[in-house]
1. Treat region 99-169 as a sphere of radius equal to its Kirkwood radius over Cα pairs and apply Stokes-Einstein at 10 °C in a medium of 1.306 mPa s; give the translational diffusion coefficient in µm²/s, rounded to a whole number.
2. Against the longest principal axis of the chain, how steep is helix 242-254, in degrees 0 to 90 to the nearest 10, with axes from Cα atoms?
3. For each of 198, 241, count neighbouring Cβ atoms within 10 Å of the residue's Cβ, then give the residues from fewest to most.
4. Which whole-number percent gives the relative contact order of region 99-169, counting Cα pairs below 8 Å spaced six or more residues apart?
5. Using Cα-Cα distances under 8 Å and only pairs 6 or more residues apart, what relative contact order does the chain have, in percent?
6. Based on the alpha-carbon set only, what is the convex hull volume of region 1-68 divided per residue, in Å³?
7. Please work out the Cα center distance from region 110-141 to region 40-84, rounded to the nearest Å.
8. How big is the antiparallel share of DSSP beta bridges in region 144-262, given as a percent to the nearest 5?
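Read-outs: derived from the displayed coordinates by stated rules, not from any lab. Worth saying up front: this structure is predicted, and the values here are computed from it rather than measured. Quick reminder, even Gly has a Cβ in these numbers, built from the backbone with ideal geometry, and neighbours come from all protein chains shown.
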Ligand SMILES: [Mg+2]
């Protein structure tokens, strides 16, 4: 595929009016057993940063905290963490104020999960959210889901599903769909794409689809892997094969623009 006739040729031709949004885990990074060990694929950061210097907006939109993502990317790349509860723009972090009052509840949740769940369940504390991972112990899924449902009903936290994990989040109305809607709301945006591999990315695809009513040129790009939800693939305009396929796509998006040196 060449840049001139590729599925994103219209983006490359007008990068200064293009919004490029991408998930992190399973999209820019391979899925790994220890979530703390995930790193972007070779070439991913250079391509993302290169695009961020010429495109209207480039943002990494993730369920991770921004503090996890920030060390990987230059400040030209916007970061949206915890599905929109927090963000980092121009090197400054902001958070939705109403989420902050859930920090103590989340800390209590982490402590209770460590005390009550089997020791082989990986408990990822994210500050304003917590993720319970069962990738290495799939037989624990039922136990984790039941514990999360009970704990959520007692605290008011919301339960969300992700790849081989259950998440407990503050009941604040944000999701990746809201993030996408906000990112494409500027009148000088003409093209927008979103790249993702997980359940939470379905809302982003839906928001992108809705934005076509405003005449936006959009692409919903699913990253195919063994755990990618069928619903996400079914809703995609384009499917790429794993994070390697994402890097190839980002490089092709750049066209003749140089990737950042990192
Ligand atoms: Mg992902």
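1. Working: Rh = 11.8 Å.
Value of D from the Cα-based Kirkwood radius: 134 µm²/s.
2. 30 degrees
3. 241, 198
4. 28 percent
5. Computed over the chain, the figure is 23 percent.
6. Roughly 104 Å³ of hull volume per residue.
7. First find each Cα centre; the distance between them is then 26 Å.
8. Here the share of antiparallel DSSP bridges comes out near 35 percent.
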